[in-house]
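Following: one structure in structure tokens, then a few remarks.
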Amino acid sequence: MFDRVSCFCCPLQRLSELRKLRAHFPELWGRMLKMDAKMPGHNRGFRDYATVHDLERRFAGEDRQEEKQLKLFA
């Protein structure tokens, strides 16, 4: 499923890997959100995003867009 093997919370992962993690392993994604909330000033960022919460907002928005598109073609 993943292109590389690393720690689930590695900030060097590609966004596509983080999307897969969120979709298929929500418990690990939840742990990342909790860790991020505890130490926001220590997060070095995930590929141009400052926090896991920023990525959560992006991915949730992408999910909504995909749902809208699917409804158009249904």
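Every read-out reported here was derived from the displayed coordinates using simple, explicitly stated rules and does not represent laboratory data. Fair warning: this is a prediction, and the values are worked out from it, not measured in the lab. A quick note on method: Cβ atoms are made from the backbone with ideal geometry, for glycine too, and the neighbour counts reach across all protein chains shown.
Show me the helices of the chain, taken as full DSSP H stretches, that run 27 Å or more along their long axis by Cα and average -0.5 or above in Kyte-Doolittle hydropathy. Mind showing how you got there, number by number?
Working: long enough: 52-73 (32 Å, -1.36).
Span-like helices in the chain: none at all.
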Next on the checklist: Let me see the P(r) profile for segment 15-73: every Cα-Cα distance counted, bins of 5 Å, each bin given as a percent of all pairs.
Outcome noted: 4, 18, 25, 24, 15, 8, 4, 2, 1
Checklist entry - Listing HIS24, HIS53 from the residue with the fewest other Cβ atoms within 10 Å to the one with the most, what is the order? => result HIS24, HIS53
Item to check | GNM top mover of PHE25, PHE59, PHE46 - the chain, alpha-carbon springs below 10 Å | outcome: PHE25
Checklist entry - What are the aspartates and glutamates whose alpha-carbon lies under 13 Å from the alpha-carbon of LYS71, with same-chain residues fewer than 8 places away excluded? => result ASP63
Next on the checklist: Among ASP36, ASP63, ASP54, which one shows the highest mean-square fluctuation when the chain is modelled as a Gaussian network with alpha-carbon springs under 10 Å?
Outcome noted: ASP63
